[in-house]
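The values are calculated or read from the model by the stated rules, or taken from the named source; none is laboratory data. Quantities reported herein were computed from a predicted structural model and do not represent experimental measurements. Cβ sites come from the backbone with ideal geometry, for glycine too, and all protein chains shown count toward neighbours. Accessible surface areas use protein heavy atoms only, side chains included; no ligands, DNA or RNA. Shrake-Rupley method; radii C 1.70, N 1.55, O 1.52, S 1.80 Å.
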Amino acid sequence: MVGPGSSPEVYFPEDGPGDPRIPPGGGSRRSRILGGDASQRNVWIAVASTAIFFGVLTIIVVRSPGWPEVKQSFFNGQEFKESFPLIVRKFVRNITIFCVAEVLVLAFALFLAVLRSLPGPVFTPIRILSAAYTDLFRGMPTILVIFLLGYGMPALNLQGVPDSDFFWAIVALVLVYSAYVAEVYRAGIQSVHGSQTAAARSLGLSRWQSMRYVILPQAVRRVIPPLLNDFIGLQKDSALVAFLGVTEGFQQATIIQQSDFNFTPFVALALVYIVFTIPQARLVDRMIARDQRRRQAGATL
Amino acid sequence: MRRAVLGFAIVALVAVACAPKSTTSAASGSPAQSCAVDSMNLHAPGTLTIATGNPAYSPWYGGKSVAGSDWKSSSFTGDPHTGKGYESAFAYALAQQMGFTQGQVDWIGIPFGKSFAPGPKDFDFAMQQISITAKRAQAVDFSDGYYNVNQALIADNGSPAIGVTTLAGLKDLKLGAPVGTTSLQVIQDEVRPNVEPAVYPDLDTALKDLKNGQIDGVVVDFPDAFYGYADQIVGQFPPIGGQQEQFGLAFQKGNSLVSCVNQAIAALKSNGTLQQLQDQWLTTDTNVPVFS
């Protein structure tokens, strides 16, 4: 295994001039959504087409034979009014869970990624361990890890091992998401051209120093958008801790759903999630676009 | 402009293509139908299809797993096909009363949410210790009650719950219950605890946390309390709001089968079968103290 910090004779893929995912000169955001050059006529056609499409869809849904029943059990105004405040209050617990978990994930995953990028034959066992960890926790469904830890660890009855469901929920999420995020970091580290290490080393920096002051700052900056993506994933998976008996947003919605036989609380919770995650998704878009502009402007990084 | 028109046509076509499949709405049979097996409104003609949970817990379901059945029996679970356990025995008695043979009863396992999800069902009714409430009756039609149930608190030796005799004494305990049960409602409405109750996906996980010492006690349906799930029965609760809680069968709204089932339940009540089944399958110890 060859890490990016090893000898400079090794071939490294060329650091491309720009992100291939975004075509250069993609036009203004508005015109991209509306499709092509935004002449007056095209705008009207786009508006009409959109209106017809969604209009017909709405009519089909609303006039479907099952709509009254679906409306009563999924879009029930009274039920929404009653459940929404309760769900929001419990969603605060999700926020706590995924914020605490995210901080730990970012730190632990970076540690894993650096371990895996250690050069030289001496560190082979450490690289193997780190790779095995990533394979193991990326290969298991999150819900399984949560179940195994949440019900298994407290059963050990070990002195000093906390038995709080909340604690184990966070541990499980950190273990699983660190595996994903470590891979993201590693991709970032490998994307930094080998000449950077060579230059740093020739300036007299140690291997550790060149990793710390030259490679990592560039690597991390490049992977911020995918990191945010994983963070959004973590936010959604925080609902899984409901299965340990932690009453968070999803469990609260389930409680109301099963006691009232009505699915509206789930719609309410979905709304909470969407309101929470969409601004973050837009933020990622903007960061990618900014990164793109900066690279095209010819700035080194 | 021609292309624009063509575009609109395609867009409209795509939207129409998402139209629902036209179902012949035959669900609503006339209320004056007869209750003969051939003329009842059944999901599968000639068969009574009953939905329940999997696993199916004792004492509601018992017996050794039948060959080919989806249900696994253990010391805490049973197989609905056996006719053992109160609900299974009641189901076969009910079917017989309605004119079905034992072979004409079919069971399917469903997650709880499916018993009240809107839309056509792939069963005739759900039988899963479902308590009748007014709110729930907005989403499903209930049969008449087939069991009067109370709630009880169970705990393991060493728990602070042991020896408590009043509702006030339970306030500071960490109690647990499965989600969607009246057991949870009892904690919220009767105990009104200072500690937030722990809510579990099912009884199994609640009991696991009880064994792990993470909670002080679990509230269960009264007959469950005798099933050795925990060391001791601490006590039973007075009914929520003073109203006797009952289990009912849950039907899709407007299903005309309800009236036929209700006739059969009434017959089983008046000829003593229901009481006899309860005596046979459920321990109804009257010595368990009621929390005051």
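Residue count for segment B:85-113 under the criterion of being touching a residue at least 60 places away in the same chain (Cβ under 8 Å) and more than 11 Å from the chain's Cα centre (by Cα): the result is 12. Quick check on B:D209: is it part of a helix (DSSP H, G or I), closer than 22 Å to A:S164 by Cβ, charged (D, E, K, R) and within 12 Å of chain A (Cβ to nearest Cβ)? Yes: the conditions hold for B:D209. For segment B:170-190, taking the residues that are in contact (Cβ under 8 Å) with a residue 40 or more places away in the chain and more than 12 Å from every other protein chain (Cβ to nearest Cβ), the one that is surrounded by the fewest Cβ atoms within 10 Å (Cβ to Cβ) is identified as B:E190.
Residues that are surrounded by 19 or more Cβ atoms within 10 Å (Cβ to Cβ) and of a type in the set (A, V, I, L, M) within segment B:150-162 comprise B:A152, B:L153, B:I154, B:A155, B:A161, listed in sequence order. Among the residues of segment B:133-149, those that are surrounded by 19 or more Cβ atoms within 10 Å (Cβ to Cβ) and of a type in the set (A, V, I, L, M) comprise B:A139, B:V140, B:V149.
Residues are listed down the side, and each one gets a yes or a no for (1) more than 12 Å from every other protein chain (Cβ to nearest Cβ); (2) hydroxyl-bearing (S, T, Y):
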position: A:G245; (1), (2): no, no
position: A:Y273; (1), (2): yes, yes
position: A:A281; (1), (2): yes, no
position: A:V284; (1), (2): yes, no
position: A:R293; (1), (2): yes, no
position: A:A297; (1), (2): yes, no
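Do we have any residue at all in segment B:23-34 that's out of contact with any Asp or Glu (no Cβ under 9 Å at 6 or more places or on another chain), modelled with pLDDT under 95, open to solvent by less than 10 Å² (accessible area, probe 1.4 Å) and within 14 Å of chain A (Cβ to nearest Cβ)? Scanning segment B:23-34 turns up no residue that is out of contact with any Asp or Glu (no Cβ under 9 Å at 6 or more places or on another chain), modelled with pLDDT under 95, open to solvent by less than 10 Å² (accessible area, probe 1.4 Å) and within 14 Å of chain A (Cβ to nearest Cβ). On the basis of being part of a helix (DSSP H, G or I), at pLDDT below 95, surrounded by fewer than 20 Cβ atoms within 10 Å (Cβ to Cβ) and in contact with a helix residue (DSSP H, G or I) (Cβ under 7 Å, 6 or more places away or on another chain), does A:A198 make the cut? Here the answer is no, as A:A198 does not meet what is asked. Search segment A:90-125 for residues being in contact with a Leu (Cβ under 9 Å, 6 or more places away or on another chain) and without any contact (Cβ under 8 Å) to a residue 60 or more places away in the chain, and hand back the single one that is nearest to A:A253 (Cα to Cα). Filtering first and then ranking leaves A:L115. Only a single item in (1) hydroxyl-bearing (S, T, Y); (2) more than 12 Å from chain A (Cβ to nearest Cβ); (3) crowded, with 18+ Cβ neighbours inside 10 Å is not met by B:T165, and it is number (3). The residues of segment B:253-287 that are open to solvent by less than 30 Å² (accessible area, probe 1.4 Å) and of a type in the set (A, V, I, L, M), listed by number, are B:L257, B:V258, B:V261, B:A264, B:I265, B:A267, B:L268, B:L274, B:L277, B:L282.
Test A:S210 against the stated conditions and say whether it is away from chain B (no Cβ under 14 Å) and buried (at least 24 other Cβ atoms within 10 Å of the Cβ). In short, no. Summed over segment A:242-273, the residues that are touching a Gly at 6+ places or on another chain (Cβ under 9 Å) and of a type in the set (S, T, N, Q) give a count of 6. One residue stands out in segment B:53-84 among those that are over 17 Å from the mean Cα position of the chain (by Cα) and β-branched (V, I, T): the one that is least open to solvent (accessible area, probe 1.4 Å), namely B:T82.
Residue-wise test of (1) more than 30 Å from B:L42 (Cα to Cα); (2) within 14 Å of chain A (Cβ to nearest Cβ).
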site	(1), (2)
B:P193	yes, yes
B:T205	yes, yes
B:V220	yes, no
B:G235	yes, no
B:E245	no, yes
B:Q252	no, yes
B:N271	no, no
B:V288	yes, no
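Look at segment B:258-282: where a residue is of a type in the set (S, T, Y) and a partner is open to solvent by less than 50 Å² (accessible area, probe 1.4 Å), sitting 6+ places away or on another chain with Cβ atoms under 6 Å, you get B:T273/B:A93. One residue alone among A:A219, A:A187 is open to solvent by less than 10 Å² (accessible area, probe 1.4 Å) and hydrophobic (A, V, I, L, M, F, W, C), and that residue is A:A219. Tally up the residues in segment B:103-136 that are in a helix (DSSP H, G or I), within 13 Å of another protein chain (Cβ to nearest Cβ) and closer than 24 Å to B:T77 by Cβ, please. Final tally of qualifying residues: 4.
Checking A:V246, A:V241 one by one, the residue that is of a type in the set (A, V, I, L, M, F, W, C), closer than 30 Å to A:S164 by Cβ and part of a helix (DSSP H, G or I) is A:V241 and no other. Applying a threshold of 7 Å to beta carbon distances and a minimum spacing of six or more residues, or different chains, the list of pairs starting in segment A:168-192 at a residue that is without any contact (Cβ under 8 Å) to a residue 24 or more places away in the chain and ending at one that is among the hydrophobic types (A, V, I, L, M, F, W, C) and assigned to a helix (DSSP H, G or I) reads A:V171/A:L149. Looking only at segment B:203-226, which residues are in contact (Cβ under 8 Å) with a residue 40 or more places away in the chain and under 24 Å from B:G113 (Cα atoms)? If the condition is that a residue be in contact (Cβ under 8 Å) with a residue 40 or more places away in the chain and under 24 Å from B:G113 (Cα atoms), then B:L203, B:D204, B:V218, B:V219, B:V220, B:D221, B:F222, B:P223, B:D224 are the ones that fit.
Evaluating B:Q243 against the criteria (1) buried (at least 16 other Cβ atoms within 10 Å of the Cβ); (2) within 19 Å of the chain's Cα centre (by Cα) leaves one unmet condition, (1).
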